[in-house]
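Readers should treat all values here as calculations from the given coordinates under stated rules, not as data from a laboratory. On a predicted model such as this, the values are computed, not experimentally measured, just so you know. Cβ atoms come from the backbone with ideal geometry, glycine included; neighbour counts cover every protein chain shown.
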Amino acid sequence: MATRLTTLLVIVIVGATFVAGLIVGAQRDDANGPVDLIIVNGKVYPGGGANLQEAIAVRGNQILRVGSNREVKRLRRAQTVVLDAHGASVLPGFNDTDVELLHGALTLEQLDLTPVDTTDELTSELRLHAEKYPTRPWLLGRNGEAAVLETANAPARRILDAAVPDRPVFITSDDGQIAWANSKALEAAGITRMTRNPRSGFVVKDRRTGEPTGVLRQAAVDIVTRGLPKPTEAEKIAALRAAIEEAQKSGVTSVHSASGSDEELELLDQIRQQGELGLRVYASIAVSPSVTEAAVVELDKLKQQFPDDPALKMGGVMVRCPCSSAQLERAIALLEGHGWTVMVDTANGADVHSAVDALSRTATAATRERRNRIDDSLLNGNQARILSGSGWPAAPLDPREALADADQAPGDLRNAIDAYTAHAAYASYDEHRKGTLAKGMLADIVILSNDILDSEVDAVDETAVTVTIFDGKVVYQRPTTTTSND
């Protein structure tokens, strides 16, 4: 009996020593070696409903620890960069699930008409834009207010000619369904009083003279668009670099981008090979509901060229409606049979019903766990997760607008943050490496100027991004933010 008790006691002691060794070893792993960056004095929301913390430590491109100021400060070394959040929110890097990256990049140098509410403001902004860019052959504007551009019998041509008479001017609404063109733009596009309306479009003409007024609707917009100067490959890459910087200023470290071809992927890959892709991209290709087996086989080759990678990968196919239920069901079954995640971009309520029905009827076609999307909702079995995306360039690339729309109760705002971080990472099968702040996760972090989770303060509208950290490196920082090694 005594021998048995002695044996059990030895086992307990050895086991306890082993566990203690593991704990000490883990602590030693944290404490020894370089700690490149720490964030202190923050209201750190790790995401996914986790409790608030105070500080984060980063080693290389991964998070080393999330915890209290005391726990993290003891990891500081001589070379450690220290960022003081001054009590403001510290969040996972934002992940915008609805952008057209290349298209948006090419619009950055266009005049953004989002704040314009009147024709007087429009002409004033155009004059300033023309003075700023005196050598541009065309002046382009985007996101025009529909209420302004859709004014009945608007003398658009005359208004734009008065603002800029010496070169073509072409401005479009945020949905691209209506545009204004001045005389030079109409002339360049070959639009005259003899021009016939295209199918599903209108060249608006003066009832008295028959001359085009400069207002173009729906398919008629394409008449001018087709003749716009085509950017070179170098200009496209430069535009993408500018778009990446724009994203970083907004705290966006990842995007889900839809493109009509593989061109965007190829250009981003060039930037990645140069070690300068400061934005994680989950790419998808847009297809019609009538997509064929041969087309999907070609898509398969593209996925093999851009497999799972934390920086750039091909993973989704966006089916753009309007479409019939039968047509959509066939497309989803075909795509899922090849292992593709399907995103359905609906045009109306009927499309939503068709998409839900089609996804339910094709459940057996999937070759892996389904994470399909209908617009901004992720469907996974019986569960649905809300995703957040700007729709850029149709809307500003700024998550604060979506967060400000959320109720200011802490729970609702946390859900809105999760939609822009944890849920977005889950949608691209990346939840194991990004979307939340935890040990071993990629160090994509944003520091804001206020504590937006303070329910007593309506802080979202007044909040700015002070620091964006991507892959463990500070890629954007406002001048007022203090960085030190003191």
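Helix 349-361 and the long axis of the chain differ in direction by around 40°, with both axes built from C-alpha atoms.
By how many degrees, 0 to 90 and rounded to 10, does the Cα axis of helix 410-419 deviate from the longest principal axis of the chain? So the inclination is approximately 70 degrees. The residue among L240, V224, V204 whose Cα reaches farthest toward the positive pole of the charge dipole of the chain, with charges on the beta-carbon of Lys, Arg, Asp and Glu, is L240.
For the chain, DSSP calls about 50 percent of its internal beta bridges antiparallel.
Packing around the peptides 37-47, 222-232, taken as the average count of other Cβ atoms within 10 Å per residue, puts them in this order, highest first: 37-47, 222-232. Amide H to amide H, with H built 1.01 Å from N, G141 comes under 5 Å of L111, F170, I171, T172, counting only residues 5 or more places away or on other chains. The residues S377, S89, when put in order of fewest to most other Cβ atoms within 10 Å, stand as S377, S89.
Annotation: extensible slack from A326 through Q270 equals 16.2 nm (criterion: 0.36 nm per residue apart, minus Cα-Cα distance). Per-residue extension of 0.36 nm, minus the Cα-Cα distance of E121 and D222, leaves a gain of 33.8 nm for this segment. Based on C-alpha pairs under 8 angstrom that are at least 6 apart in sequence, the chain has a relative contact order of 19 percent.
For the stretch 233-427, build the charge dipole from Cβ charges (+1 Lys, Arg; -1 Asp, Glu) around the Cα centre, then report which of Q274, A395, V356 sits farthest towards its positive end. The residue sitting farthest along the positive end of the dipole is V356. As a rough footprinting exposure proxy, the listed residues F94, F470, F306, F202 were ranked by other beta carbons within 10 Å of their own, and the order from fewest upward is F202, F306, F470, F94.
The angle between the Cα long axis of helix 233-249 and the longest principal axis of the Cα atoms of the chain comes to about 50 degrees, rounded to the nearest 10. Our coupling estimate for the stretch 221-230, obtained by passing each phi through the Karplus curve with A = 6.51, B = -1.76, C = 1.60 and θ = phi - 60°, is 4, 5, 4, 7, 4, 4, x, 5, x, 8 Hz, Gly and Pro reported as x. Rounded to the nearest whole Hz, the Karplus-based 3J(HN,Hα) values (6.51 cos²θ - 1.76 cosθ + 1.60, θ = phi - 60°) of the stretch 171-176 follow the sequence 10, 10, 6, 5, 9, x, with x at glycine and proline. Arranged from fewest to most other beta-carbon atoms within 10 Å of their beta carbon, I171, I374, I386 become I386, I374, I171.
Of K236/K313; K43/K132; K313/K473; K313/K439; K43/K236, which ones are farther than 30 Å apart at the Cα? Exceeds cut-off: K43/K132; K43/K236.
Computed from label points 7 Å out along Cα-Cβ, the spacing between M194 and T292 is 3.8 nm. Stretching D376 away from E211 to a fully extended chain increases their span by 55.1 nm, per 0.36 nm per residue minus the current alpha-carbon distance. Computed per residue of the chain from DSSP H runs no shorter than four, each worth -39500 (n - 2.57), the mean residue ellipticity at 222 nm is -10500 deg cm²/dmol.
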